[in-house]
Amino acid sequence: MTLLSAVLSLVNVKVRFGWSDKSFTSLLQVVHNLLPEENTLPKSYYQAKKILCLMGMEYQKIHACTNDCILYRHEFEEMSKCPRCGASWYKVKDDEDDNSDENSKKGPPAKVLWYLPIIPENIG
Ligand SMILES: [Zn+2]
């Protein structure tokens, strides 16, 4: 694995499970310690992001329907659930009733895809 693809996969997991930046940094520190001393893995989320930027990876997060029907862009940007299957954009926190204040109930997006420009060859 190249450094870039390693960082990308880790960041992807972070986003997918809605980890906080702080918990992700802790994970990176653990992984860093598991690897040989000369490894160049970032030790914090901040460093990880910096690596992606240095590589010209202007990555974008795109929220998607959990069932892969649509991406929440363009005409779907303002919607709170999938127009095709009705799945909620955000994971619904399962405490109390569903009909109270919508915004305070928003969990992490149900599904996040990463859009990346084509990865140039010979990286890493
Ligand atoms: Zn859907």
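Here are a few things to note about the model shown:
- Taking the range 3-17 as the range and being in a helix (DSSP H, G or I) and under 21 Å from Gly107 (Cβ atoms) as the test, the residues that pass are Val11, Asn12, Val13, Lys14, Val15, Arg16.
- Applying a threshold of 9 Å to beta carbon distances and a minimum spacing of six or more residues, or different chains, the list of pairs starting in the range 63-90 at a residue that is in the same structural domain as Gly107 (by TED's automatic domain parsing) and ending at one that is within 7 Å of the ligand (Cβ to nearest atom) and charged (D, E, K, R) reads Cys65/Arg84; Asn67/Arg84; Cys69/Arg84; Ile70/Arg84.
- Within the range 1-37, the set of residues being charged (D, E, K, R), surrounded by fewer than 15 Cβ atoms within 10 Å (Cβ to Cβ) and out of contact with any strand residue (DSSP E or B) (no Cβ under 8 Å at 6 or more places or on another chain) comprises Asp21, Lys22, Glu37.
- Scanning the range 38-61 for residues that are among the small types (Gly, Ala, Ser) and either in a helix (DSSP H, G or I) or touching a strand residue (DSSP E or B) at 6+ places or on another chain (Cβ under 8 Å) (or both) yields one hit, Ala48.
The values are calculated or read from the model by the stated rules, or taken from the named source; none is laboratory data. Predicted model, so just to flag it, every value in this text is computed and none were measured. As a convention, Cβ positions derive from the backbone with ideal geometry for all residues, glycine included, and neighbour counts pool all protein chains shown.
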